[in-house]
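> Below you will find the structure I want to go over with you.
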Amino acid sequence: MAELIKVKQKHLQTPLSRLKCMIRDIDESNVDYEQFKKNLEYTASLLEALYRDETRQSLDMEDQLQELRPDSVPKEVHNWLASTFMQQARRPLRYPDYKPSFRSIVHAVQAGIFVERMFRKMSSTAMTDQPLAVVNCLREVDRWNFDVFALDVGSSGHALKTLFTELMIRYELNSRFKVPISCLMSFLCELEQGYNKHNNPYHCQTHAADVTQTLHCLLLRTGLVHWLTELEVLASLFAAAIHDNEHTGNTNSFHILTRSDLAITYNDRSVQESHHLSSTFCILQNEQMNIFTNLSREEWVELRSLVIEMVLATDMSFHILQVKAMKHSLQQQERVDKAKALSFLLHTADISHPAKPWVLHSRWSKALTDELFRQGDKEGELGLTISPLCDRNTAPVAQSQIGFIDFIVDPTFSLLMDMAEKIIIPLVQDNPEPPEPINRHSSLWKESSRGLQWSLLHITTELVSFRLTWTRHTEDNKFRWREIETGRTSGDVSTEESSTSTVKPLQEYSDH
């Protein structure tokens, strides 16, 4: 009996315990060579399986950037893409799956009908006390070529406050969730101060306003707005508005390498993104700034959970993982998870400027380049190796933007369109007649002579139209960067000069 128990115990041993037993047997000169051989073979087989699994995961990650060959892009651009958009040296965090609150496609359509009310309010009535320049800007808030820089100038540096308030009123979220106007104004003022804390060229309140407007436009152009409840729209717009609050202007890698207070606080895990969330929710702890004071406990839990997942997903090192997860989801028969879809939507909005007209893209590229160079200067002062694209004397700006568009932006937008098709087309097919008539009054839907029609033909046409819009801009932007690269290498023009030398007035860009 004792021998039987001993045998069973040996079969239940872990590889580590087996190795320890083997070492002990050797030390005690008590080696059962037949059992010793079996233990070695068993341990070797487990190690081989583990190696194959780890190698497969590593190769899967590399496959996403397999076209980044040395003869395709410069080494520095390759290193930047790999280090920025891939997880390095550790496994990614796993977040609990977010469960959608409603249980049927019909319910989803009914939940989305509320957007009809939004289009009954024109921006002039929503923001009656705004300067004419602001009112004129906000009339274009549904358009892909929306000029957030003009809004920032017209609002005297308050683009985020102005835009978020406008969208809250357009969607009637302020009345639906009883948001006190005094709390909203106080919260937005504090939020803008957070964005202005480090005086960043790129990660500033104007960028937050741009991403918020872009997310709003993506909801419209893809039709995903019909899929969401009012609370989910509120959470999405809020996540976009706060997603870079108190950004330091440095990368997560810089914080980790320099052992900054933020890196220590958040254990090197999504350092900045964790702080964006924490700093924002700390603002809401103040009763005078808590815009969600009238949400029910269930609504608050749902909103906070969704916002946290969305903002954490803006960590660029999760890009490859997000893309792989979404591709896998689209290949399955079950419906797409709400939280994962909205996280991908916000990530797309966050990297969207290369898919906008050149007059916008070139300004954002210049701002981001300036911010990276600032970090490079700090790294030089600290005696650190300067990060890819952060050396103002050697960074291949034009080539990096071309690589960014080819390997990150274009594939992301294409996947977003695939995701939208999988979600929206079944909604239309399963519900040929929506519960209520839908008549859009925004400038976006007025572009169609037919108006919004809840039909497969119309939805498909809108998706194709939007795909052509952003594709046209990415191709145009790549062409312009190639021109700049040629001019710079031949000594004709500098990168900075060429960023503005070929800019057209924004009004010349159509957005149909």
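The values are calculated or read from the model by the stated rules, or taken from the named source; none is laboratory data. Note that this is a predicted model, so its numbers are computed, not measured. So basically every Cβ, Gly included, is an ideal-geometry build from the backbone, and we count neighbours across all protein chains shown. In case anyone asks, the SASA skips ligands and DNA or RNA and just uses the protein heavy atoms, side chains included. Shrake-Rupley method; radii C 1.70, N 1.55, O 1.52, S 1.80 Å.
> Rounded, prolate or oblate: which fits segment 234-359 when a ≥ b ≥ c are the square roots of the eigenvalues of the alpha-carbon gyration tensor, with rounded for a/c under 1.5 and prolate only if a/b beats b/c?
Judged from the Cα gyration tensor, segment 234-359 comes out oblate (a/c at least 1.5, b/c at or above a/b).
> Decide, for segment 323-391, between rounded, prolate and oblate: order the square roots of the alpha carbon gyration tensor eigenvalues as a ≥ b ≥ c, take rounded if a/c falls under 1.5, and otherwise choose prolate if a/b is larger than b/c, else oblate.
oblate
> With a 1.4 Å probe and all protein chains in place, put 222, 460 in order of accessible area, largest first.
460, 222
> Rank these by accessible area, largest first, 1.4 Å probe: 278, 317, 236.
Reading off the accessible areas and sorting them downward yields 278, 317, 236.
> Counting other C-beta atoms within 10 Å, and keeping those with at most 10, which DSSP coil GluC sites (Glu not before Pro) do you find in segment 352-414?
The qualifying sites: there are none.
> Keeping all protein chains in place and using 1.4 angstrom, which order do 386, 283, 405 fall into by accessible surface area, from largest down?
386, 283, 405
> Quick one: how many Å² of residue 264 are accessible to a 1.4 Å probe, rounded to 10?
Surface accessible to solvent at residue 264 totals approximately 110 Å².
> Further question: Shape of segment 281-328 from its Cα gyration tensor (a ≥ b ≥ c, root eigenvalues): rounded if a/c is under 1.5, otherwise prolate when a/b > b/c, or oblate?
Cα axes put segment 281-328 in the oblate bin.
> A follow-up question, please. So, R0 is 25 Å and r is the distance between the beta-carbons of residue 414 and residue 153; what FRET efficiency does that work out to, to 0.05?
0.15
> Take the Cα gyration tensor of segment 190-290, multiply each eigenvalue by 5, square-root it, and list the three semi-axes largest first, rounded to whole angstrom.
Its equivalent ellipsoid spans semi-axes of 26, 16, 14 Å.
> Could I ask something else about it? Which net charge results for the neighbourhood of residue 134, defined as the other residues with beta-carbon distances under 14 angstrom from its beta-carbon, given Lys and Arg at +1 and Asp and Glu at -1?
Neighbourhood net charge equals -3.
> Over 19 Å between Cα atoms: which of 340/422; 356/422; 327/422; 366/478; 161/197 fall into that group?
Over 19 Å apart, Cα to Cα: 356/422.
> Under a Cβ-only charge scheme (Lys and Arg +1, Asp and Glu -1), can you give me the dipole magnitude of segment 165-204 about the Cα centre, in debye to the nearest 20?
Approximately 120 debye in magnitude.
> Here's something else I'd like to know. Residue 19 to residue 486: extension gain in nm, 0.36 nm per residue of separation minus the Cα-Cα distance?
Length gained between residue 19 and residue 486: 162.0 nm.
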